[in-house]
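Here's the structure, in structure tokens; my notes come after.
Every read-out reported here was derived from the displayed coordinates using simple, explicitly stated rules and does not represent laboratory data. A quick note: this is a predicted structure, and the numbers were derived from the prediction, not measured. No Cβ is skipped: glycine too gets one built from the backbone with ideal geometry, and neighbour counts run over all protein chains shown.
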Amino acid sequence: MRFYLFILLFCGSLCAQTNYPKDFFRAPLDIPMQLSGNFGELRPNHFHAGFDLKTQQKEGLEVHAVADGYVSRIKISTFGNGKTIYITHSNGYTSVYGHLQRATDSIEDFIKKTHYKEKSFEIEIFLKPGELVVKKGQIIAHSGNTGASEGPHLHFEFRDNITENIINPMLFGFDTYIKDTKKPMISSIYVYPLDKQTTVNQSKRPLLLNLLLQKDGTYLADQVVANGKIGFGLNTFDYDDVSFNKNGVYKVQSFYNGMPNFGYQFDTYSFDEMRYINALIDYSRYKKTQQRVQKLFMRNPYKLSIIKSDKSNGNLAVTPNLTSVYRIEVSDFFGNQTVVSIPMKYESLATIIAEEPIASKYFIKANNDGDFTKENMSVFFPAGTFYDDFYLNFDVKNDTLFLHDDTVPAHSNFTISIEDNKYTEAQRDKLFIAAIYSNKISYISTYRKDNVFMAKTKTLGKFALVLDTIGPIITIAKSIEGKWISEKSNIQLTISDGLSGIKSYNGYLNGNWVLFEYDNKTKKITHNFSDGIVAEGANELKIIVMDNMGNSTIFETHFFRSQKNKN
């Protein structure tokens, strides 16, 4: 009786759902829905927050409000979701539309006025009910490729108005727009020894298990022979019937001798939980192979709300005189399921594959502070910076701090400090701490006290002080100096900086600030003459670009343009 009660409570807590409205919202696009990314899909440092909807490999498709509401927020960014509109609805939810090319009508007018009011391309606006009201089906924008988008598409989300948690659009009836009869795919299963005493199939390192397809459509893995604590991980993905993209799975559940052991289901979670993806996956394997193996255990428990586990946290104790079976069930939202069974038994066999050698003398305890110093460089790790204990490689050579490598994930910021006794006081104003990746310099926001420089980061690797006295570079593909450019609809330039990176840029026509939109992917800034700032006849253009260390570059030119007979 207790066994069945435990299963009921465990599965109930994992599967319990709010009754989300299923007929309230329409699709944001008029074309058939195809996904290039789904909710919960595994991405760098985060779970995907919504749907990526294909837009037929082009920009400019009409984007519709999915229900009545009001525009509650507008964010224009060079990174992330780029140009984004948020619409708050009366039923307690907000819909989000990202990577837009531009908004339409009164929304676009409002955005343009704000750009000029704030004299900035990057803006964030919070609006009140009644300021920009929209109706269900109203065209609010055109789809694009702005921000960190890797190709034209619409990023679409739902959020809870109170908690701001993100919610799987499938729960709002969007599953009716998609056909999926395909089972999830499991490309690999790994078994992990979880302590120094344990040997698994004569190995003290994680092992790949072979899978054999059974007549009933399930899979049987190699038998696991172990003598202590072990855990499992899997690499899995899903296809639907029309998109042909590898998407994330909806639900993973493991059972140990028939009892629910460890599982997660992608219904809803908060943005604060996003980075826990690096605890869920085998991060080291991902950095080395780009393979995201999802671990079905926690060495050190972490607070990812989608995970439901028994008291073992997925750490399985293989004991003598007991033959066990471990089962993994992987499901998509439509109920298609793939099952793997893994037979297990206790036996202490000779070790053939030894542990990886440890060269470091520095040991990090994840739940304790860590403070390490050598020569003029130091690093401080607050408790909770890392998910698990590990041996840290720490050294200083040739004015460079070698701080392990990025195969170990940090959940929160740690502090690097470098004392300088080399540069003059004037030069120190142009110094910053840089992360160095394959000899490429990456700026980290740096502050200093006297001759000590400090920076916070979440990534291990190589670090050094870098002097930047060089201004950014501004170029134009084809000179417009002294030319009539009446036929052109815009002016476009390229801006770049090879050291500390661009902090700000501003453009002026005839002494007046004008909007230049920035595309981070191409490094181009563009001013559209449709803004109505350009003068009839002669015009003076001035561009000022500043990097993060205060070095600036000015580009100036003049041109002629006629506005007459322009549509």
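Find how many whole Å separate the alpha carbon centroid of the stretch 128-193 from the alpha carbon centroid of the stretch 212-249.
26
Restricting attention to the alpha-carbon atoms of the chain, what are Rg (one decimal) and Dmax (integer), both in Å?
Both quantities, over Cα of the chain: 27.7, 92 Å.
Taking 8 Å as the Cα distance limit and 6 or more residues as the minimum spacing, I'd like the relative contact order of the chain as a percentage. Could the numbers behind the result be given before it?
Working: 1371 pairs, mean separation 61.7, N = 567.
Reported as a whole number, the value is 11 percent.
Quick one: Debye curve from the C-alpha atoms of the stretch 525-567, no solvent, what's log10 I(q)/I(0) at q = 0.15, 0.28 Å⁻¹?
Cα-only, vacuum Debye calculation for the stretch 525-567: -0.51, -1.07.
Mind pulling the angle between the C-alpha long axis of helix 2-15 and the longest principal axis of the chain? Nearest 10 degrees, somewhere in 0 to 90.
Orientation of helix 2-15: about 10 degrees from the principal axis.
So how much slack lies between T104 and T373, counting 0.36 nm per residue of separation and subtracting their Cα-Cα distance, in nm?
91.3 nm
Let me make sure I get this right: for the stretch 350-413, a, b and c are the square roots of the gyration tensor eigenvalues over alpha carbons, sorted descending. Under 1.5 in a/c it's rounded, otherwise prolate if a/b > b/c, else oblate. Which is it? Before the final figure, lay out the partial values.
Working: a/c = 2.30, a/b = 1.35, b/c = 1.71.
Judged from the Cα gyration tensor, the stretch 350-413 comes out oblate (a/c at least 1.5, b/c at or above a/b).
Using 20 Å as the cut-off for backbone N distance, which residues of the stretch 442-474 belong to the label zone defined by a point 7 Å from the Cα of D399 along Cα→Cβ?
Residues passing the 20 Å test: 442-455, 461-471.
What ranking, highest mean first, results for peptides 478-485, 405-412 when packing means the other Cβ atoms within 10 Å averaged over each residue?
On the way: 478-485: 12.1, 405-412: 17.0.
Ranking, from highest mean packing down: 405-412, 478-485.
With a/c under 1.5 counting as rounded, go ahead and sort the stretch 452-500 into rounded, prolate or oblate using the C-alpha gyration tensor (a ≥ b ≥ c being the square roots of the eigenvalues; past the cut-off, prolate if a/b is larger than b/c, else oblate). Walk me through the intermediate numbers first.
Numbers: a/c = 5.06, a/b = 3.09, b/c = 1.64.
Verdict is prolate for the stretch 452-500.
With angles folded into 0 to 90 degrees, how steeply does helix 105-118 sit against the dominant principal axis of the chain? Use alpha carbons for both and round to 10.
80
By how many nm would the segment from S341 to M259 lengthen if fully extended, with 0.36 nm per residue of separation less the alpha-carbon distance?
Values: separation 82, 0.36 × 82 = 29.52 nm, distance 1.34 nm.
Contour length minus the Cα-Cα distance gives 28.2 nm.
Summing +1 for each Lys or Arg and -1 for each Asp or Glu, what net charge is found among the other residues whose Cβ lies under 13 Å from the Cβ of A354?
Cβ neighbours under 13 Å give a net charge of +1.
All other residues with a Cβ under 13 Å from the Cβ of I307 taken together, and with Lys, Arg as +1 and Asp, Glu as -1, what is their net charge?
Numbers: positive: K251, K295, K303, K308; negative: D267, E273, D310.
Neighbour charge sum, excluding I307 itself: +1.
Size of the dipole of the chain about the Cα centre, Lys and Arg at +1 and Asp and Glu at -1 on the beta carbon, nothing else charged, in debye to 20? Let's see the in-between values first.
Numbers: 64 positive and 61 negative charges, 85 e Å.
About 400 debye.
Under the classification rounded if a/c is under 1.5, otherwise prolate if a/b is larger than b/c and oblate if not, where does the stretch 40-174 fall, given a ≥ b ≥ c as square roots of the Cα gyration tensor eigenvalues?
Values: a/c = 1.41, a/b = 1.11, b/c = 1.26.
Here the stretch 40-174 falls in the rounded category.
Please give the peptides 63-74, 526-537 ranked by average Cβ packing (other Cβ atoms within 10 Å per residue), highest first, as a rough proxy for protection. Show your work: numbers first, answer last.
Working: 63-74: 20.9, 526-537: 15.0.
The most tightly packed comes first, giving 63-74, 526-537.
Give the separation of the Cα centroids, the stretch 463-492 to the stretch 369-404, in Å.
40
Separation of the stretch 16-59 and the stretch 266-304 by C-alpha centroid, Å?
Rounded to whole Å, the Cα centres lie 21 Å apart.
Provide the packing ranking of 247-256, 200-209, 285-294, i.e. peptides ordered by the mean count of other C-beta atoms within 10 Å per residue, highest first. All intermediate terms of the calculation are to be shown ahead of the outcome.
On the way: 247-256: 22.3, 200-209: 17.7, 285-294: 16.1.
The densest-packed peptide leads the list: 247-256, 200-209, 285-294.
Enumerate the amide H contacts of S188 below 5 Å, restricted to partners 5 or more residues apart or on another chain; note that Pro and chain-start residues carry no placed amide H.
It is N235, by chain and number.
Would you mind checking the pairs K288/K503; K422/K449; K83/K458 and listing those with alpha carbons more than 24 angstrom apart? Before the final figure, lay out each step's value.
Values: K288/K503 32 Å; K422/K449 15 Å; K83/K458 26 Å.
Distance filter (> 24 Å) returns K288/K503; K83/K458.
For every helix of n ≥ 4 consecutive DSSP H residues, a contribution of -39,500 (n - 2.57) applies; sum these over the chain, divide by its total residues, and give [θ] at 222 nm rounded to the nearest 500 deg cm²/dmol.
Details: 5 runs with 43 residues, N = 567.
Mean residue ellipticity, 222 nm, calculated: -2000 deg cm²/dmol.
How charged is the neighbourhood of I476? Take every other residue with its Cβ under 14 Å from the Cβ of I476, and add Lys/Arg as +1 and Asp/Glu as -1. Don't jump to the answer; show the numbers that get you there.
Values: positive: K478, K483, K488, K523, K524, K542; negative: E481, E556.
Here the charged neighbours net out to +4.
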